[in-house]
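To keep things clear, I will list the structure first and then write my remarks on it.
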Amino acid sequence: MPYEAMSPSDDEDLLAAYAAGDAAAARALTQRLAPRVFAHAFRMLGGDRAEAEDVAQEALLRLWRAAPGWRRGEAKVTTWLYRVTANLCIDRRRRSRGTTDLEAVPELVDGAASVADGLQQRARAEALQRALDGLPARQRQAVILRHIEGLANPEIAQIMDIGIRAVESLVARGKRALEAALTGRRAELGYDDDD
């Protein structure tokens, strides 16, 4: 079966093939996982593209180094990779202590959107990123994994190495904090107050 046709559950097979010397398997796994790792790092690092690229590269390098000793069935490749990515991001944020320039966050371009819509979307994204940046690291990580990455609580629990109830608590507290941070900005961000 061509590597491109393999399902995400085949990540371990691709990793084993890479460990056995199959460079095509490494390319296929990189093409599959690199965008997700980069996106997660980008959000965790407050939109710093260069830092996110560095983290994504380091996380994938660690995966390649772990490949020969990978023990099948202990953890999903993606779960392990999300955990490594999050830890690298937390370490970088500790070192930099909030030096992220939100003005450097690239604007998302949608050819169908008007300039006003684009500005409003950018303001919303920046407001959300600032609010996320104000959360404690574990809450931020849980909220991003749950509501931005769309992962289920059991997988988040594995990534963060905590129980499911702890994930639920972190997500709930993070959502409350985000709501508190953004409540007074509904009109400014173009949301109707009667929603």
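The values are calculated or read from the model by the stated rules, or taken from the named source; none is laboratory data. No experiment lies behind these values; they were computed from the predicted model shown. When we count neighbours, we look across all protein chains shown, and the Cβ atoms used for this are built from the backbone with ideal geometry, even at glycine.
Conditions tested, residue by residue: (1) of a type outside the set (A, V, I, L, M, F, W, C); (2) surrounded by fewer than 14 Cβ atoms within 10 Å (Cβ to Cβ); (3) on the phi < 0 side of the Ramachandran plot.
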| site | (1), (2), (3) |
| --- | --- |
| Arg138 | yes, no, yes |
| Gln141 | yes, no, yes |
| Gln158 | yes, no, yes |
| Asp161 | yes, yes, no |
| Arg165 | yes, yes, yes |
| Leu182 | no, no, yes |
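Scanning the stretch 58-74 for residues that are among the small types (Gly, Ala, Ser) and within 13 Å of Leu29 (Cβ to Cβ) gives Ala59, Ala66, Ala67.
Against the criterion of being touching a Ser or Thr at 6+ places or on another chain (Cβ under 6 Å) and aliphatic (A, V, I, L, M), Ala41 qualifies. Within the stretch 25-38, the only residue that satisfies the criterion of being among the small types (Gly, Ala, Ser) and without any contact (Cβ under 8 Å) to a residue 24 or more places away in the chain is Ala25.
Within the stretch 40-69, the residues that satisfy the criterion of being in contact (Cβ under 8 Å) with a residue 40 or more places away in the chain and aliphatic (A, V, I, L, M) are Ala41, Met44, Leu45, Leu63, Ala67.
Looking at Arg36, Arg72, just one residue is touching an Asp or Glu at 6+ places or on another chain (Cβ under 9 Å) and modelled with pLDDT under 90, and that residue is Arg72.
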